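The values are calculated or read from the model by the stated rules, or taken from the named source; none is laboratory data. This one's a predicted model, so the numbers in the text were calculated from it and none came from an experiment. No Cβ is skipped: glycine too gets one built from the backbone with ideal geometry, and neighbour counts run over all protein chains shown. Calculation scope for accessible area: heavy atoms of the full protein, side chains included, ligands and nucleic acids excluded. Shrake-Rupley method; radii C 1.70, N 1.55, O 1.52, S 1.80 Å.
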Amino acid sequence: MAKSARDQQLIELKDTISELNKTVASLRDMIELLNRQLAESNQERDNLKQQVDYLTKKLFGRSSEKRKEPIPGQMNLFNEAEDLQDEKAAAAEEEIIKGYKRKRKPKATQAEQFEGLPVETVYLDLPDDQKNCPNCGSPLKNIGSEFVRRELKFIPAKVTVVEYYSKTYNCLTCEENEEPHIFKGKDFHPHRLHGMGSSSAIAWVMYQKYCNAVPLYRQEKDWEQYGVKIGRATLANWIIRNSAECFAPMYGYFRKKLLERRFLMADETPVQVLKEPNRRPESKSYMWIYRTGEDDSFPIIMYRYSETRAGENAKKFLDGYTGYLMCDGYSGYNKIKTARRCSCWAHARRYLVEAIPKGKENDISEPAVQGITYIDKLFRLEKQIKQRHHSSDAIKQARLQKETPVLEGFWSWLDQAWAVKGSRMSKALIYIRNRKEDLMRYLEEGYCSFSNNASERSVKPFVIGRKNWLFCDTPDGAVASEMVYTIIETAKANGVNIYHYLCYLLEQCPSKQSSEEELESFAPWNEEVQEEISHRAKGSKL
C-alpha cells in the first residue's frame, strides 16, 4: 500500500515537472517573441527617427548636396584603381585632382561690368567766375581732364501708340473715263498679331512672365505706371493667341530636330491647371522637360504639358526615338521601348546622402558615406575628362580607362553592403541595385552624360515662375506656357538675347505652311539670326 502511494507521488511529481517544462518552454517562446517585437519596435523607432531627421533637413537644412570639406583620408581609402598603378602614376593623378579644385571667379571691374553699353561723358568744369587765377588774376588754361567716377544711368521704358494710315491714290485720267482705279499703301509685312499689341509689347509681356517670373496681375499694375490700362485677361490673350499662331510651327520644328539627336535628357515637374475638362481644380498636372545632351551641337530645350504623369505622355512625345535617354528612376519612362535608358548618378548619390545619419556626414565608417566617396571620385574624373577631351571617342576611351576601376570598386562595395529593411539606407541600396545596368550605360558612348543635372537645371526656370504665378487658368494657357518656355530657354541656351528673339519671331510670324528651310532660318542657332539679334540688342543700347 505504501509502495503504491510512493508510486503515485512519483507520477504526480513527473507530471508537475512536465508541466513546469512546458511552462518554461512557453515562457522562453514568449521571451523570444517579445525580444523580436522589441527589436522591431526599436528598428521602427530608428526608421521613424531617420524620417524625422530627413524631413527636418528638407525643411530647415541646406539644399546643396556639396560637402563643406573632404573627408579626411577619403582619397586613399577606396581607390582600388590607384592600387594597380605605379607610384609615379598615382602621384601624378593626385596632382591632377588637386589642380582641378574650383577657384573663385575674379571680381569683374566696372569697365567689364558696363562693357558694350553706350558711354556718356560729363565734364566737371569750374564756374565762369572761378576761371581766373586767385593769385594773379590771369585766365586759367585747360591742360587736360582727370577721371573721377563712373555711374550707371537707368532710362525707364516709354510707351507710345503707333497709328497706321494707308494713303489712297486715284488715277485722274481713268476717273475722267468713268473707270476709277484706287491704290492703297501697304507695309508688306505679315501681321497676324492678335489684339492691338505690337510685337515689342507682346514680347515684353512674355519676357516678363516667363523669363522674369512676373505674374500678369503685377504686369497689369506695371502698365498702369506707364499710363496704359490693360487688363490681365487681355495680356493673357496676347500670349495664348500669338504663341499658338507664331510659335507652334517653331515648336514642331524644334521637336523634329530634337528627335534626330543621339542622346536626350528628360524630367518632369507638377503644375496646377484650374479649368481642365472633367477634372477638379486641385488635380495635379505635369510639365515635362526634354532637352539635348551636353555635346558640342546646338542645344534644344523643350517643355510639354500633360494632364497626368502617365508614361504614355513621354512615349507619345518621343515617338520613334531610338537613341539614349537620360532620366530619373520614374518607371513611366519604361514605356519608351525604343530608347536605351540611362540612369542618373546624381540621383543615386542623393539617395545615399539622404541615408546618412544625422551628424555622421564625415564618418567614413558609415556605409552611405563610403558609397558617396566612390561616386564623388567618379564626378571628379568626369570633370577632368570633359576638360581634357572634346571628341566623343576620346571621352569614351578616357572613361573606360579611368572610371572603370572605380566602378568595379563601387559595385564590389555594393554587393557587400547591408542595411536594415525599411531604413533609408535599404531604400538607397535597392534603388542603385535595380538600376545597375542603366547606370553603367553611359560608358557605351562618349556623348552620353554622367548625370541628369542639365535637365534639372532646365526645370528650375519653370519652377521659379510657378512659385510666382502659382497655376495656369486653362489648358490653353498651359500649352502657351510650354511653347513660350521652349522658345525662351532654347534661345537662352544658344546665347541669343531673349527679348529681341521673341520680337523677331513675332515679326516674322512663321506659319504652318513654312518650309523646313524657312523654319531653320528662324532658329536661334542659325548664324544669320544670331547676327540679326545681336545687331538689334546693340541698337537698343544706343
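A simple spin-label model places pseudo-atoms 7 Å from Cα toward Cβ; at Lys316 and Thr404 they are separated by 4.4 nm. Taken over the alpha carbons of the range 235-332 as equal point scatterers, the Debye sum produces base-10 log I(q)/I(0) values at 0.12, 0.15 Å⁻¹ of -0.46, -0.71.
Solvent-accessible surface (1.4 Å probe) assigned to Glu528 amounts to roughly 140 Å².
Check each of the trypsin sites (Lys or Arg not before Pro) in the range 235-276 and keep only those in coil by DSSP with at most 14 other C-beta atoms within 10 angstrom; list them in order. Each step should come with its number before you reach the end.
Values: sites: Arg241, Arg255, Lys256, Lys257, Arg261, Arg262, Lys275; in loops: Arg261, Arg262, Lys275.
Sites meeting the loop and neighbour criteria: Lys275.
For the chain, relative contact order (Cα pairs under 8 Å, six or more residues apart, normalised by length) works out to 20 percent. Against the chain, whose longest principal axis is taken from its Cα atoms, helix 2-60 shows a tilt of about 10°. Of Ile488, Ile464, the residue with the largest accessible area leads and the full order is Ile464, Ile488 (1.4 Å probe).
The GluC sites (Glu not before Pro) of the range 276-374 meeting both criteria, a DSSP state outside H, G, I, E and B (loop) and at most 14 other C-beta atoms within 10 angstrom of the site's C-beta, are Glu282.
The stretch between Thr338 and Trp411, if pulled fully straight at 0.36 nm per residue, gains 23.5 nm over its current Cα-Cα span. Of the residues Cys136, Cys327, the one with the largest accessible area comes first in the ranking Cys136, Cys327, computed with a 1.4 Å probe on protein heavy atoms. If the chain linking Ser4 and Lys58 were pulled fully straight, counting 0.36 nm for each residue of separation and taking away their Cα-Cα distance, it would gain 11.5 nm.
Does anything in the range 252-276 have its amide N under 11 Å from the 7 Å Cα→Cβ label point of Tyr330, and if so which residues? Counting backbone N atoms under 11 Å from the label point, the list is 266-271.
Just check the range 349-427 against the gyration tensor rule for me: Cα atoms, a ≥ b ≥ c as the square roots of the eigenvalues, rounded for a/c under 1.5, and otherwise prolate or oblate depending on whether a/b exceeds b/c.
Values: a/c = 3.01, a/b = 2.23, b/c = 1.35.
In terms of gyration-tensor shape, prolate.
The shape of the range 473-542 comes out oblate: with a ≥ b ≥ c from the C-alpha gyration tensor, a/c is at least 1.5 while a/b does not beat b/c. Distance between the modelled labels on Gln37 and Ala248, one decimal in nanometres: 6.7 nm (7 Å Cα→Cβ projection).
Once C-alpha pairs closer than 8 Å and six or more residues apart are averaged by separation and normalised to the residue number of the range 262-351, the relative contact order reads 26 percent.
Estimate the FRET efficiency between Thr160 and Arg279 by the formula 1/(1 + (r/R0)^6), using the beta-carbon distance for r and 45 Å for R0, to the nearest 0.05. Numbers along the way, then the final one.
Working: r = 43 Å, r/R0 = 0.97.
Efficiency, from the Cβ-Cβ distance: 0.55.
Between Leu48 and Leu20, take the C-beta separation as r, use R0 = 35 Å, and let me know the FRET efficiency to the nearest 0.05.
Working: r = 41 Å, r/R0 = 1.17.
Working from the Cβ atoms, E equals 0.30.
Rounded to the nearest 10 degrees, the inclination of helix 424-434 to the longest alpha-carbon principal axis of the chain is 70 degrees. Rolled with a 1.4 Å probe across the full set of protein chains, the surface gives Thr338 an accessible area near 80 Å². Once the Cα atoms are used to define both axes, helix 248-259 deviates from the longest principal axis of the chain by about 50 degrees. Sites listed here are trypsin sites (Lys or Arg not before Pro) in the range 301-345 whose DSSP assignment is loop and whose Cβ has at most 13 other Cβ atoms within 10 Å: Lys337.
Average 1/r across all pairs of distinct alpha carbons in the chain, invert it, and you get the Kirkwood radius: 29.9 Å.
Across the range 118-183, C-alpha contacts under 8 Å between residues 6 or more apart give a mean separation that, scaled by the residue count, equals a relative contact order of 14 percent.
Would you mind getting me the FRET efficiency between Gln387 and Thr474? Use the beta-carbon distance for r and R0 = 56 Å, nearest 0.05. With R0 = 56 Å, the Cβ-Cβ based efficiency is 0.75.
Extension gain, Lys427 to Glu527, is 31.1 nm, computed as 0.36 nm per intervening residue step minus the present C-alpha separation. Against the criterion of solvent-accessible heavy-atom surface with a 1.4 angstrom probe, Phe247, Phe298 sort, most first, into Phe298, Phe247. For Tyr447, the solvent-accessible surface computed with a 1.4 Å probe is close to 40 Å², ligands and nucleic acids excluded. Assuming a ≥ b ≥ c are the square roots of the Cα gyration tensor eigenvalues, decide whether the range 7-58 counts as rounded (a/c under 1.5), prolate (otherwise, with a/b larger than b/c) or oblate. It comes out prolate by the Cα gyration axes. Between Glu444 and Met30, the simple label model (points 7 Å from Cα in the Cβ direction) yields a spacing of 6.1 nm.
With +1 on the Cβ of every Lys and Arg and -1 on the Cβ of every Asp and Glu, and nothing else charged, how large is the dipole of the chain about its Cα centre, in debye rounded to the nearest 20? Provide the component values of the computation, followed by the final result.
Working: 84 positive and 78 negative charges, 338 e Å.
Dipole size: approximately 1620 debye.
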